[in-house]
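Below is one structure; the comments refer to it alone.
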Amino acid sequence: MHPEADKLWRGPRWALALLLAALSALGPFAIDTYLPAFSAIAADVGATPVQMQQTLAAYLAGFALMNLFHGAISDSVGRRPVVLVAMALFSAASVGCALAPGIGELLVFRTLQGMSAGGGMVVGRAIIRDLYAPHDAQRVMSQVTIWFGIAPALAPLIGGWLLVGIDWHAIFWFMAALGAALLVLMWRTLPESLHPSQRQSLHPVHLLRGYWQLGASPRFLALALSSGLPFNGMFLYVLASPAWLGGHLGLAPTQFYWFFCISVGGIMLGALCSGRLAGRIRRGRQIGLGWGVMVMATALNLGCNAAGLTHPLAAMLPVGLYSFGWAVVVPVVTLILLDLFPERRGMASSVQAFLGSLANALVAGVLVPLVMHATMTLALASAALMAVGLLAWMAVRRHLPTSLL
């Protein structure tokens, strides 16, 4: 924690949470906004549905790759410069997407978008712990998750409006303008939260030693799995939404927002619950409650699919309940993970984001194309991802210091 943290941000916690949520939400916003335009983009650039699915995978692969470095760099040069450079690059890459004449160019610029979009999310987590003690940090992390949840709900709605009102190019021009606006906002308001005495060397040997320390820690890896894989139990429905919502459930592109409202509403309510519980019950008990909700939602999802229920609400509500459980768990698990290596919080956030984003990319590029052809296979894939995350948490819980639980 910064020794003069109380002087760096004098405003209310919710204002900082909103600022950091804007940074964190940019990554998922850049995914969800263009999903309703899949068919229009494919027709315009001569791409197949599989190639369009690969634009998601390319974005997520770039997101995962640079997430490995955003936080480590911020441990050395400071949090603020990394955020500002990331916003500038995101805006430039969005312009490239808008001007892309073919699927090859679109894949390249989507990769560059992904490489820059994660900077705010990764560094934002470290900033929270730089400025706040554990219970207050959990409250801010939960507030960030609440505000963060608004973006994915609005993104497909905005994307659908831009597609219908103008064309698919307007979606990427909008992203470029959003990145530029965030650049100006962060330049004017974001404090530097890393104290000079806490900065780490950028020497390759020092960095490799840090990556090895984190990568060789079973506790760190298990915590990263227990937060990242369960997210994909919900996220695969987002990635498969053109086939799931448009094909299986028969919704028009402008109706996709119903799913995003339900799932994101679950995230926001779960995050609100997480913030309310901070300091009132032990962290381990709160995580257990969240996992209980996710298990119940998974069972309900499998049951609805096995019974052949095809109404959109029967398909969407279990995913929303699952999202609630995940949001109760993830702020606490993330803070425990960061506190395992307090001297390398930026790097810890980077590696966590890298592993989570790598899982996202694999789910988008490999798993979703395999399971998106039937609602039951989607439900089974979601259940499997949740189960692996739960097993990871059960394995690591016994080996964590009681002070973290």
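FYI, it's all coordinate maths here, none of it is from the lab. On a predicted model such as this, the values are computed, not experimentally measured, just so you know. Quick reminder, even Gly has a Cβ in these numbers, built from the backbone with ideal geometry, and neighbours come from all protein chains shown.
Observations
- Between Leu178, Leu208, Leu272, the GNM of the chain built on Cα springs shorter than 10 angstrom shows Leu208 fluctuating the most.
- Normalised radius of gyration (Cα atoms, divided by 2.2 N^0.38 Å) for the chain: 0.93.
- Neighbourhood net charge (12 Å Cβ-Cβ; Lys/Arg +1, Asp/Glu -1) for Cys97: 0
- Dipole magnitude of the chain about its Cα centre (Cβ charges: Lys, Arg +1; Asp, Glu -1), debye to nearest 20: 1260 debye
- Contact order, relative form, for the chain: 27 percent (alpha carbon pairs under 8 Å, 6 or more residues apart, mean separation divided by residue count).
- Order by protection proxy (mean Cβ within 10 Å, highest first), peptides 274-286, 343-355: 343-355, 274-286
- Selected from Arg129, Arg199, Arg188 as most flexible by GNM, with the chain as the system and alpha-carbon contacts under 10 Å: Arg188
- Computed packing ranks the peptides 115-126, 359-370, 93-104 as 115-126, 359-370, 93-104, most packed first, by mean other Cβ atoms within 10 Å.
- Electrostatic dipole magnitude of segment 6-93 [Cβ: Lys, Arg +1; Asp, Glu -1; Cα centre; debye, to 20]: 440 debye
- In a fully extended conformation the segment linking Leu302 and Ala216 would gain 27.4 nm over its present Cα-Cα distance, using 0.36 nm per residue.
- Pairwise centroid distance, computed over Cα atoms, of segment 37-103 with segment 162-207, Å: 12 Å
- Length-normalised contact order for segment 248-397 - Cα pairs under 8 Å, 6+ apart - percent: 31 percent
- Dipole of segment 31-190, positive end: most advanced residue of Leu185, Ile171, Val95 [Cβ charges, Cα centre]: Leu185
- Averaging Cα coordinates gives a centre for segment 317-394 and one for segment 215-229; these two points are 11 Å apart.
- For segment 206-363, alpha-carbon Rg and Dmax in angstrom: 17.4, 56
- Across the options Ser226, Trp258, Gly27, the greatest Cα extent toward the positive end of the charge dipole of the chain (unit charges at beta carbon of Lys, Arg, Asp, Glu) belongs to Ser226.
- Whole-Å semi-axes of segment 1-101's equivalent ellipsoid (Cα gyration tensor): 34, 15, 11
- Since only Val85, His195, Ala381 are under comparison, the one whose Cα sits farthest along the positive direction of the charge dipole of the chain, derived from C-beta charges on Lys, Arg, Asp and Glu, is His195.
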